[in-house]
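Below is one structure; the comments refer to it alone.
All of the numbers you see were taken from the coordinates with simple rules; none came from a lab. Not measured: the values here are computed from a predicted model. No Cβ is skipped: glycine too gets one built from the backbone with ideal geometry, and neighbour counts run over all protein chains shown.
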Amino acid sequence: STPVAIFCALTKAAISGLLLKGGDYLETLSRIKTVAFDKTGTITRGEFVVTDFSSADEFNNETLLYWISSIESKSSHPVAGALVEYAMLNSIKPVPENVENFQNFPGEGIFGRIDGKDIYIGNRRIGLRAVCERGDCIQSHEISSSKKQCGGETLVGVLSLVDACRTGALEAIEELKLLGVRSVMLTGDTSQVAMYVQSQLNNAIDIVHAELLPHDKAKIIENLKKEGPTAMIGDGINDAPALATADIGISMGISGSALANETSHAILMSNDIRKVPEAIRLARKTTRKLI
Ligand code: ADP
Ligand code: MG
């Protein structure tokens with residue numbers, strides 16, 4: 001009977017790693033036309049490693065690393081952990097207590113005041129902010145992007161980081177294609193980095209959107225929904241508005257932020273995004289049986 005079939009399918013999906021927060025989502029899942037993926041921490045591991053660090057002449061590396069790691073200690077972004085670890089590897093101990101006025105700018109980076117200095121750390125956007133506010137900027141970027149200076153005199157350091165695609169990311173996208181489901185990448189990162197990740201996936205992703213702020217991601221989901229039921233999968237605090245807007249918002253259970261896991265309609269219990277096409281296949285089979 002109907003409820004039994006749904007119960008069985010929900011259980012099966014949960015065992016395979018996708019926990020749906022309600023029986024109705026199974027039906028929605030069976031009709032999904034588009035799956036949008038966040039990049040950092042969803043398609044990629046979100047485990048950054050610092051490959052290069054340089055500081056402007058008038059600053060020494062130790063001081064800069066002490067500032068960076070102290071401020072980043074207050075952030076939960078995947079980049080933050082890598083920067084703190086890099087400082088520790090260089091025998092620098094972060095002192096978060098010395099940081100005042102810490103601020104997080106989603107999709108951009110962070111700010112903190114330390115030793116009487118206003119320090120901004122993040123991408124080009126945060127660089128513009130640093131210029132406006134007359135602070136000092138440390139630019140963090142992935143090595144696949146070209147080195148763009150964030151604003152003349154304000155730039156006091158450049159950090160390069162690498163992050164790799166998750167195992168199974170390409171298979172997940174290819175499997176969606178076989179199911180006739182369109183895949184989209186949404187990222188706050190630069191288009192250079194987005195296109196680099198796309199090339200790592202044999203350009204299999206149908207649409208790539210870069211340099212997005214959290215509300216831009218939600219807006220794009222709204223537009224995608226006009227063309228059919230849309231799922232969004234993401235991990236970050238910055239993905240929460242998009243997860244809520246999607247017909248099915250899926251959060252990364254293990255590595256996902258608390259807000260993402262609260263806002264989502266389904267939780268991926270492993271970090272294996274191949275479970276998404278698998279669940280769509282299962283949902284289609286189940287709903288077909290019900291008709
Ligand atoms: P995505 O949408 O791909 O998950 P985010 O929106 O979280 O990416 O971040 C976009 C960019 O902002 C990062 O690639 C990084 O350059 C910068 N950024 C965000 N938070 C931080 C931080 N705590 N420290 C340094 N850079 C940061
Ligand atoms: Mg993310």
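If only the Cβ of Lys and Arg carry +1 and only the Cβ of Asp and Glu carry -1, the dipole of the chain around its Cα centre is close to 1500 debye. Distance from the Cα centroid of the stretch 233-279 to that of the stretch 24-58 is 11 Å (rounded to whole angstrom). Dipole magnitude for the stretch 179-243: about 200 debye, using +1 per Lys or Arg Cβ and -1 per Asp or Glu Cβ, origin at the Cα centre.
Out of His77, Thr263, Ser91, whose Cα points farthest toward the positive end of the dipole of the chain (charges: +1 Lys, Arg; -1 Asp, Glu; placed on Cβ)? Looking along the dipole axis, the top candidate is Thr263. How high is the FRET efficiency between Lys285 and Lys74 when r is their beta carbon distance and R₀ equals 41 Å, given to the nearest 0.05? The value I calculate is 0.30.
Quick one: work out Rg over Rh on the C-alpha atoms of the stretch 157-291, Rh as Kirkwood radius.
0.97
Rg over Rh for the chain works out to 1.04, both radii taken from alpha-carbon positions and Rh defined as the Kirkwood radius.
Taking a sphere under 10 Å around the Cβ of Ala260 and counting the other residues whose Cβ falls inside, with K and R at +1 and D and E at -1, yields a net charge of -4. When the Gaussian network model of the chain links Cα atoms closer than 10 Å, the mean-square fluctuations of Leu186, Leu20, Leu243 top out at Leu20. Using a cut-off of 13 Å between beta-carbons, work out the net charge of the residues near Ile119 (Lys and Arg +1, Asp and Glu -1, Ile119 not included). Neighbour charge sum, excluding Ile119 itself: -1.
Each Lys or Arg adds one and each Asp or Glu takes one away; over the other residues whose Cβ falls under 14 Å from the Cβ of Arg31, this sums to +3. Taking the Cα atoms only, what angle lies between the long axis of helix 169-178 and the longest principal axis of the chain, rounded to 10 degrees? It is inclined by approximately 30 degrees.
Below 24 Å Cα-Cα, how many Lys pairs turn up in the stretch 49-162? Only count pairs eight or more apart in sequence, or on different chains, if you could. Close lysine pairs found across the stretch 49-162: 4. Label positions at Ile15 and Leu259, each projected 7 Å from the Cα along the C-beta direction, are separated by 3.7 nm.
Considering the stretch 49-162 at the alpha-carbon level, its Rg and Dmax are found to be 12.3, 34 Å.
Over the stretch 49-162, Cα pairs under 8 Å with separation of 6+ residues give a relative contact order of 26 percent. Summarising the label geometry, the points placed 7 Å from Cα in the beta-carbon direction at Thr63 and Leu213 lie 3.3 nm from one another.
Placing pseudo-labels 7 Å out from each Cα toward the beta carbon at Cys8 and Asn98 gives an inter-label distance of 6.4 nm.
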